[in-house]
1. If the requirement is being touching a Leu at 6+ places or on another chain (Cβ under 7 Å) and either closer than 28 Å to Leu80 by Cα or not hydrophobic (A, V, I, L, M, F, W, C) (or both), which of these qualifies: Glu215, Glu225, Glu220?
2. With respect to the numbered conditions (1) more than 18 Å from the chain's Cα centre (by Cα); (2) at pLDDT 95 or above; (3) surrounded by fewer than 14 Cβ atoms within 10 Å (Cβ to Cβ), which one is the sole condition not fulfilled by Gly65?
3. Of everything in segment 140-149 that's over 21 Å from Pro270 (Cβ atoms) and touching a residue at least 40 places away in the same chain (Cβ under 8 Å), which residue is surrounded by the most Cβ atoms within 10 Å (Cβ to Cβ)?
4. So if I check each of Asp98, Asp58, Asp109, Asp71, which one is among the acidic types (Asp, Glu), in contact (Cβ under 8 Å) with a residue 60 or more places away in the chain and buried (at least 20 other Cβ atoms within 10 Å of the Cβ)?
5. Check whether at least one residue in segment 199-206 is in contact (Cβ under 8 Å) with a residue 60 or more places away in the chain and in contact with a Pro (Cβ under 6 Å, 6 or more places away or on another chain), and report yes or no.
6. Could you tell me whether any residue of segment 165-184 is charged (D, E, K, R), outside any helix (DSSP H, G or I) and assigned by TED's automatic domain parsing to the domain that holds Tyr87?
7. Could you check segment 218-228 and list, in sequence order, the residues that are out of contact with any Lys or Arg (no Cβ under 9 Å at 6 or more places or on another chain) and either under 16 Å from Ala267 (Cβ atoms) or modelled with pLDDT of 95 or more (or both)?
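The values are calculated or read from the model by the stated rules, or taken from the named source; none is laboratory data. On a predicted model such as this, the values are computed, not experimentally measured, just so you know. Glycine gets a Cβ as well: all are built from the backbone with ideal geometry, and neighbour counts include every protein chain shown.
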Amino acid sequence: MTTNPSIAALTSRALIAVSGEDWRGFLQGLLTQDVETLAPGEARFGALLNPQGRLLFDLFVVGQGDGAWIDVEAAHREALIMRLTMYRLRAKVQITADETPVLAAFGSDPGAGWIVDPRLPALGWRGYGVAATPNAEEADYDVHRLALGVPGPADWGVEKTYPIEANFDLLNGIDFKKGCFIGQETTSRMKRRGQIKSRMLPIDFDGAPPASGSEVLNGERRAGEVLSGRDGRAIALVRLDRIVDGELTADGQLVRTERPDWIGDAANPPAAA
């Protein structure tokens, strides 16, 4: 028995069109993701960082015949356009807003014209201007993402989080083999040393989520911070060495951390130096 996919319009996302003869080299020197080998119809997950290596914008780069779309939070599109324009200098590129709608499909294969989510195949597919009628809400897609333990933009804020803490290295969001990008030095050093003390993990609990910003406590010791969530499930940035033993609470309620299969050994506490 086959079921129809769930399709949601992602109104929280918007597109920027980048074109011109220098578009590849321009984006290659800025983003955490390799753009030089991006093929038309392919999407790659990545980010633009600040010089200190903290997340400014999460994004998907989607190959087009003569350039690329950048899929970014709608609320941050103008800020990203301004940032890219600032970096453009003499590069021969055009940077414009594009109103093509962004959709997500999940649950079953939606067929031709959709792109497998580059972060994690279980997330489903992303669609750009595909002819499809939504039959689900963006909130349904958010529940699906949260069930897989994948953090989203509400979890990392702006210039607050390192991409490895947000699991970009595990979700195909950083190409460590490409050339330089903004914030590369800090990002590469964290990866090379392997001393990742904190990561975003899903937490389970009964009822409504603890307030965003609530401390996750192991006894009286701070073990992390609750980020975004819904009833029964949330994302928290946790200290890996402080969630191994003991009972965890947040905002006075019991919480349990989960280690999704896609995180693997990366959720283990770092070895003592």
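1. Values: Glu215 fails: touching a Leu at 6+ places or on another chain (Cβ under 7 Å); Glu220 fails: touching a Leu at 6+ places or on another chain (Cβ under 7 Å).
Every option except Glu225 fails the conditions.
2. (2)
3. Initial filter on segment 140-149 (over 21 Å from Pro270 (Cβ atoms)): 140-148.
Next cut, touching a residue at least 40 places away in the same chain (Cβ under 8 Å) only: 140-144, 146-148.
Numbers: Asp140: 17, Tyr141: 22, Asp142: 18, Val143: 15, His144: 19, Leu146: 19, Ala147: 14, Leu148: 16.
This residue is Tyr141.
4. Numbers: Asp98 fails: buried (at least 20 other Cβ atoms within 10 Å of the Cβ); Asp109 fails: buried (at least 20 other Cβ atoms within 10 Å of the Cβ); Asp71 fails: in contact (Cβ under 8 Å) with a residue 60 or more places away in the chain.
Within the list Asp98, Asp58, Asp109, Asp71, the selection yields Asp58.
5. Start the filter on segment 199-206 by keeping residues that are in contact (Cβ under 8 Å) with a residue 60 or more places away in the chain, which leaves 199, 201.
Checking which are in contact with a Pro (Cβ under 6 Å, 6 or more places away or on another chain) leaves us with none.
Scanning segment 199-206 turns up no residue that is in contact (Cβ under 8 Å) with a residue 60 or more places away in the chain and in contact with a Pro (Cβ under 6 Å, 6 or more places away or on another chain).
6. First, the residues of segment 165-184 that are charged (D, E, K, R): 165, 169, 175, 177-178.
When the remaining residues are screened for being outside any helix (DSSP H, G or I), the result is 165, 169, 175, 177-178.
With the extra rule that they be assigned by TED's automatic domain parsing to the domain that holds Tyr87, the set shrinks to none.
Scanning segment 165-184, I find no residue that is charged (D, E, K, R), outside any helix (DSSP H, G or I) and assigned by TED's automatic domain parsing to the domain that holds Tyr87, so the answer is no.
7. Here is the first cut: in segment 218-228, the ones out of contact with any Lys or Arg (no Cβ under 9 Å at 6 or more places or on another chain) are 219-220, 225-228.
Listed by number, the residues that qualify are Glu225, Val226, Leu227, Ser228.
Yes/no per residue for (1) within 17 Å of the chain's Cα centre (by Cα); (2) of a type in the set (Phe, Trp, Tyr):
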{"position": "Glu215", "(1), (2)": "no, no"}
{"position": "Asn218", "(1), (2)": "no, no"}
{"position": "Arg222", "(1), (2)": "no, no"}
{"position": "Arg233", "(1), (2)": "no, no"}
{"position": "Ala236", "(1), (2)": "yes, no"}
{"position": "Leu248", "(1), (2)": "no, no"}
{"position": "Trp262", "(1), (2)": "yes, yes"}
{"position": "Asp265", "(1), (2)": "no, no"}
